[in-house]
């Protein structure tokens with residue numbers, strides 16, 4: 001029997017991170033959807049600041065979300081080359097400190113924008129250009145990549161600098 005699909009509540013997940021004052025940028029499928037691509041997602045991917053105090057707060061947020069690691073024991077959240085995937089009470093959460101095609105949080109924050117998702121939730125979301133750069137490094141054949149490149153082109157034409 002197939003495992004039941006966990007509910008996905010991105011607003012609740014972002015709110016839990018924000019309550020603990022975690023500094024992060026949303027990337028991945030949800031960020032692409034927020035920026036305008038035509039796809040669906042069942043998880044939240046974030047790039048946190050790797051400052052020790054921020055990683056401690058991220059650990060507290062994971063506790064609040066009842067996060068269980070996918071395929072391993074849950075130790076302290078730390079800077080790693082490989083993403084850390086968790087199942088939480090509100091859906092899948094992936095912590096990526098070193099995303100392909102970027103130099104991490106400090107690289108992405110320069111062009112990230114706060115995007116309103118509703119209910120007062122406004123996470124920092126990676127720019128379309130940065131999302132395209134990361135996706136090209138990860139999966140150059142993704143249909144979302146062409147959409148991101150077109151969105152970035154439209155932003156440039158409209159004079160929107162991100």
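The values are calculated or read from the model by the stated rules, or taken from the named source; none is laboratory data. Only a predicted model underlies this, so the values are computations on that prediction, with no experimental measurement involved. Cβ sites come from the backbone with ideal geometry, for glycine too, and all protein chains shown count toward neighbours.
Here is how the numbers come out for the structure above:
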{"quantity": "Selected residue (criterion: surrounded by the fewest Cβ atoms within 10 Å (Cβ to Cβ)) from residues of region 85-97 that are without any contact (Cβ under 8 Å) to a residue 40 or more places away in the chain and touching a helix residue (DSSP H, G or I) at 6+ places or on another chain (Cβ under 9 Å)", "calculated": "89"}
{"quantity": "Positions within region 111-126 being over 22 Å from residue 42 (Cβ atoms) and in contact with a helix residue (DSSP H, G or I) (Cβ under 7 Å, 6 or more places away or on another chain), in sequence order", "calculated": "111"}
{"quantity": "Test for residue 141: is it at pLDDT below 90 and more than 15 Å from the chain's Cα centre (by Cα)", "calculated": "yes"}
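Condition check ((1) surrounded by fewer than 13 Cβ atoms within 10 Å (Cβ to Cβ); (2) more than 20 Å from residue 125 (Cβ to Cβ); (3) out of contact with any helix residue (DSSP H, G or I) (no Cβ under 7 Å at 6 or more places or on another chain)) across all residues:
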{"residue": "50", "(1), (2), (3)": "no, no, no"}
{"residue": "59", "(1), (2), (3)": "no, yes, yes"}
{"residue": "63", "(1), (2), (3)": "yes, yes, yes"}
{"residue": "82", "(1), (2), (3)": "yes, yes, yes"}
{"residue": "99", "(1), (2), (3)": "no, no, no"}
{"residue": "109", "(1), (2), (3)": "no, no, yes"}
